[in-house]
């Protein structure tokens, strides 16, 4: 599991068009300061700052490995909170697909990629940092209040995509009741979107989007982002 997480982080940094932005994203996900990461690496905090701002050229494979190892080592020293969270995400059956974007994606581009339609009054202005596809029925049956945090992955600034939705009231009521709010809610092929779901989305200032793509096409398009 630790190796999988290392490969995930290293792959995102190496393949990113903006590796510095991706390094910062992961450093912040591990709740570390530039100074803490630099101290573990035995370098100056200004080096981390230069990488993250793009002032220093993209790190090579060896440097990326050192950064990833340092993130994991620091997490283990602190009790392995992030490692445990990753393991929990991997094993939750209500989560059908989950991804963090190396670089945030503009909301309009995200909606266009899934051929979605915004039903709310809220503009598609915020960036989307990732997505989670959730089986609504399994979520109701298997997620308790603490498990609910798992759907937010590494950032709440993400699209929560609910499948198996009839009217959309339950997901929006759950979002309304929880302090963490997503950047966007997407209903996959709902029977009909209830006016209450739209009203709650407007109250929370969260774009509410519907898409009728097949599940296969939806996942494929999301993975391509």
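The values are calculated or read from the model by the stated rules, or taken from the named source; none is laboratory data. Fair warning: this is a prediction, and the values are worked out from it, not measured in the lab. Cβ placement follows ideal geometry from the backbone for every residue including glycine, while neighbour counts extend to all protein chains displayed.
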**Prompt:** If you check residue 54 against the conditions, is it more than 23 Å from residue 129 (Cβ to Cβ) and loosely packed, with under 15 Cβ neighbours inside 10 Å?
**Reply:** no
**Item:** Count of residues meeting criterion [in a helix (DSSP H, G or I) and in contact (Cβ under 8 Å) with a residue 40 or more places away in the chain] in region 172-225
**Value:** 10
**Message:** Please go through (1) at pLDDT 90 or above; (2) under 26 Å from residue 52 (Cα atoms); (3) surrounded by fewer than 16 Cβ atoms within 10 Å (Cβ to Cβ) for residue 125 and return the number of the only condition it doesn't satisfy.
**Reply:** (1)
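Can you give me the number of residues within region 121-141 that are in contact with a helix residue (DSSP H, G or I) (Cβ under 8 Å, 6 or more places away or on another chain) and either within 15 Å of residue 160 (Cα to Cα) or part of a strand (DSSP E or B) (or both)?
Initial filter on region 121-141 (in contact with a helix residue (DSSP H, G or I) (Cβ under 8 Å, 6 or more places away or on another chain)): 121-122, 124-129, 131-134, 136, 139-140.
Subsequent filtering for residues that are either within 15 Å of residue 160 (Cα to Cα) or part of a strand (DSSP E or B) (or both) retains 124, 126-129, 131-134, 136, 139-140.
Residues meeting the conditions: 12.
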**Request:** Please tell me if residue 208 is under 18 Å from residue 133 (Cα atoms), surrounded by fewer than 23 Cβ atoms within 10 Å (Cβ to Cβ) and within 18 Å of the chain's Cα centre (by Cα).
**Result:** no
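If you check residue 171 against the conditions, is it touching a strand residue (DSSP E or B) at 6+ places or on another chain (Cβ under 8 Å), crowded, with 21+ Cβ neighbours inside 10 Å and at pLDDT 95 or above?
Numbers: touching a strand residue (DSSP E or B) at 6+ places or on another chain (Cβ under 8 Å): yes; crowded, with 21+ Cβ neighbours inside 10 Å: yes; at pLDDT 95 or above: no.
Answer is no for this residue.
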**Request:** Looking only at region 12-34, count how many residues are assigned to a helix (DSSP H, G or I) and touching a residue at least 12 places away in the same chain (Cβ under 8 Å).
**Result:** 15
